[in-house]
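Report on the following structure.
The values are calculated or read from the model by the stated rules, or taken from the named source; none is laboratory data. Values in this document were obtained by computation on a predicted structure and should not be read as measured data. Quick reminder, even Gly has a Cβ in these numbers, built from the backbone with ideal geometry, and neighbours come from all protein chains shown. Protein only, heavy atoms only, side chains kept; ligands, DNA and RNA dropped before computing areas. Shrake-Rupley method; radii C 1.70, N 1.55, O 1.52, S 1.80 Å.
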Amino acid sequence: MTEQITMENAKDWHVCGLVIQGNPKKLEAIQTALLAIPNTDIPALDAQTGKLVVVMQSHDQHLLHQQMEATREIDGVIDVSLVYHQQDENE
């Protein structure tokens, strides 16, 4: 059995902060789709405007980029803005 890669045992760990603008009428479905993405959290949202603050994390920058781009395809998502990125290296 392969050990799961975590922040503690990964060589690199990436954290991104996104602001996602969505259709307020589809906000519940957007939230469900976002939370289905591994290592994704929604620490804040405004249901009236359809804005969500989303944090995504991964050990693989390419996988993280794919996951961020996939958010654009979620039904009801209008715009996705990357507002923060940090990479930590474990030695």
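Using only the heavy atoms of the protein chains and a 1.4 Å probe, how would Asp12, Asp79 rank by accessible area, largest first? Numbers along the way, then the final one.
Values: Asp12 40, Asp79 75 Å².
Output order, biggest surface exposure first: Asp79, Asp12.
Taking all protein chains in place and a 1.4 Å probe, what share, in percent, of the accessible surface of the chain do carbon and sulfur account for?
Exposed carbon and sulfur together represent 50 percent of the surface.
So how tilted is helix 61-71 from the main axis of the chain? Cα-based, degrees 0 to 90, rounded to 10.
Tilt relative to the chain: about 10 degrees.
Considering just Cα atoms, how many Å³ per residue does the convex hull of the chain enclose? The partial results should precede the final answer.
Values: hull volume 8.7 nm³, N = 91.
Cα-based convex hull of the chain, divided per residue, equals 95 Å³.
Helix-derived [θ] at 222 nm for the chain: sum -39500 (n - 2.57) over DSSP H runs of at least 4, divide by residue count, nearest 500? Each step should come with its number before you reach the end.
Working: 2 runs with 20 residues, N = 91.
-6500 deg cm²/dmol, from helical runs alone.
Per residue, how much accessible surface does the chain expose to a 1.4 Å probe? Answer in Å², no decimals. Before the final figure, lay out each step's value.
Details: 6090 Å² over 91 residues.
With all protein chains present, the chain gives 67 Å² per residue.
Using the per-residue mean of other Cβ atoms lying within 10 Å as a proxy for protection, in what order, highest first, do the peptides 81-88, 51-58, 32-39 fall? If you can, show how the numbers build up before the last one.
Numbers: 81-88: 10.9, 51-58: 19.8, 32-39: 14.8.
Descending packing order for the listed peptides: 51-58, 32-39, 81-88.
Kindly write out, for segment 19-33 in residue order, the coupling ³J(HN,Hα) from the Karplus curve 6.51 cos²θ - 1.76 cosθ + 1.60 (θ = phi - 60°), rounded to whole Hz, with x marking Gly and Pro.
So the J values, rounded to whole Hz, are 10, 10, 9, x, 5, x, 6, 10, 4, 4, 5, 5, 4, 4, 5.
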